[in-house]
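A quick write-up on the structure given underneath.
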Amino acid sequence: MRVTAMSTLTTLSRTKLTGICPPARGAVLGELVRRQQAPVWLVVTAELKAAEQLAEDVAFFTEVANLRPGPEILVFPESMPDSRDMREAFAASADRATVLSKLRATRQASATDTGAPPVIVATTPAALLQPVPALEEFATREFTLARGNAISFPALLEKLRELDYDSEAVCEAPGHYAIRGGIIDVYPVTANQPYRLDFFGDELEEIRPFDPVTQRSGEKIDSITIAASPRLKLDPSKTGLADYLSPHTHLVFIEPASLDEEFSTFAREGSDPLTPILQRCAAATGIADIDEAAALFDGEDVAESTWDTESLAHHRRYPGEALVAQERLDVEEESRREFLVQVAAWKKAGYRVLFVVSKEGEEQRIREILDEDPALKKIAPAFLRGVLNEGFRITNRGRSALALASDSSTRKRAPTSADPTGLVVVTETELFGRQRLRRPQASKRALAQRAQVDQLLDFSELVEGDFVVHLQHGIALYRGLTKLETRDGVREVISLEFDDHVT
């Protein structure tokens, strides 16, 4: 990590945390967010997949710690050329715009402002240092609509066209809008769902989110923000992402020594977009497993702290690939018992034990295993519902400790003080000898599949009470969508009312 102007970064507080194994990163980062008030946390990892998984882990552990207000966790991906995959490139650009919009909204936030949730952005070096639109131009291409606003129907349509939104028959994807009589459906590129705007004359009377598949509206909300489509080319910022950051932003570099080379590549190409970001932020923290030299965290003014963590992979053996059938099952059961005996020993030594399982059935199964063996029954773990790839153990050393919630499958209990000895977090990987497949998503936007939308095209323009013509049964009144019990389960169907109130 080549820092060309370290003398200008004297106000940047730098801390290096070592001894943190990869499975424990999310828990440690969640603890940092709990301890240190900051409006924005910018977390840099080597790869996008790692950033996405870390974002999920941090979300889990901040909820376990009952952090209030809960953080808003986003992923800032690298932009892609349109020639690669237009839809994928648009989605990545929309995700970047979402982060920029949120950062702009929190730009003037104070470090002590406890009313707003902190924003945690997971990203990569390339994504962090890529050009972004100039802040002023981005701001002029973003506007907020609130209930009660006076804005004419044609004026709003003109604004959407200026922001390069597409007019469609059905509003089903970010960057779309649809006109339905006195209603405008719009899907902001920075939102996770589309919204229905209902006008009374030139007054925006209602704003409701709706499902792009069923077209059903949700509860009323007060306002939405609409940003420009990523296709609209804006002038780039001269100082990159730095313009969007609060001066109280905390930077976190995951394995900073491994990031050095990628940051140095930008410097060799004649640019140094990292320094403006460092100059804008209040603190930088390096999280690493092994204490390796990293440019940003060299110097006498760097605070250092060593954690004692380890992956549980060192304590769990698995059957060889050559084993099959009953022999494999026997070895797996023996291996699991050996591991759980070790967990029981940690519990006896004063560690608190948490088992993280994804389903109630898995929790019941492991409870039965523990109850059947007197040596394992003493573990008496707390069960938490969630998905983690790998377990870990933390041995407390001063401030190197976690404060997590008590036993609760819903993860809503208040946090407890850190345990005297430490904490053991066990996952399904160790309990059942398998990793549950995780497919992290940078975006959780509601999208309609083409086949689903095709089923809606004949009635998406209808409102309850409209007349329709059924091909076999003639004229009827449209009564919306309803659920019907069938042999294949509950299905959603169109409800029509015929003569004599027959439906």
*Only one residue in 254, 179 is of a type in the set (A, V, I, L, M, F, W, C) and surrounded by fewer than 20 Cβ atoms within 10 Å (Cβ to Cβ), so which one is that?*
179
*With respect to residue 333, determine if the residue is open to solvent by 70 Å² or more (accessible area, probe 1.4 Å), assigned to a loop (DSSP other than H, G, I, E, B) and of a type outside the set (A, V, I, L, M).*
no
*Quick one: which of 296, 384 is open to solvent by less than 20 Å² (accessible area, probe 1.4 Å), within 12 Å of residue 426 (Cα to Cα) and in contact (Cβ under 8 Å) with a residue 12 or more places away in the chain?*
384
*Residue check: is residue 103 over 23 Å from residue 73 (Cβ atoms), open to solvent by less than 50 Å² (accessible area, probe 1.4 Å) and modelled with pLDDT of 95 or more?*
no
*Could you say which residue among 99, 43 is in contact with a strand residue (DSSP E or B) (Cβ under 8 Å, 6 or more places away or on another chain) and in a strand (DSSP E or B)?*
43
_Residue that is modelled with the lowest pLDDT, among those in the stretch 273-289 that are open to solvent by 50 Å² or more (accessible area, probe 1.4 Å) and more than 17 Å from residue 41 (Cβ to Cβ)_ = 279
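Here is a yes/no grid of residues against (1) part of a strand (DSSP E or B); (2) open to solvent by less than 30 Å² (accessible area, probe 1.4 Å); (3) on the phi > 0 side of the Ramachandran plot:
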{"site": "189", "(1), (2), (3)": "no, yes, no"}
{"site": "204", "(1), (2), (3)": "yes, yes, no"}
{"site": "208", "(1), (2), (3)": "yes, no, no"}
{"site": "219", "(1), (2), (3)": "no, no, no"}
*All but one of (1) open to solvent by 10 Å² or more (accessible area, probe 1.4 Å); (2) closer than 30 Å to residue 177 by Cα; (3) out of contact with any Leu (no Cβ under 6 Å at 6 or more places or on another chain) hold for residue 228, so report the exception by its number.*
(3)
*asked:* If I filter the stretch 102-110 for residues that are closer than 19 Å to residue 190 by Cβ, assigned to a helix (DSSP H, G or I) and of a type outside the set (A, V, I, L, M, F, W, C), do I get at least one hit?
replied: yes
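The values are calculated or read from the model by the stated rules, or taken from the named source; none is laboratory data. These numbers were taken from a predicted model, which means no experiment stands behind them. Reconstructed Cβ throughout: ideal geometry from the backbone, glycine too, with neighbour counts over all protein chains shown. Side chains included, ligands, DNA and RNA excluded: accessible areas come from the protein's heavy atoms. Shrake-Rupley method; radii C 1.70, N 1.55, O 1.52, S 1.80 Å.
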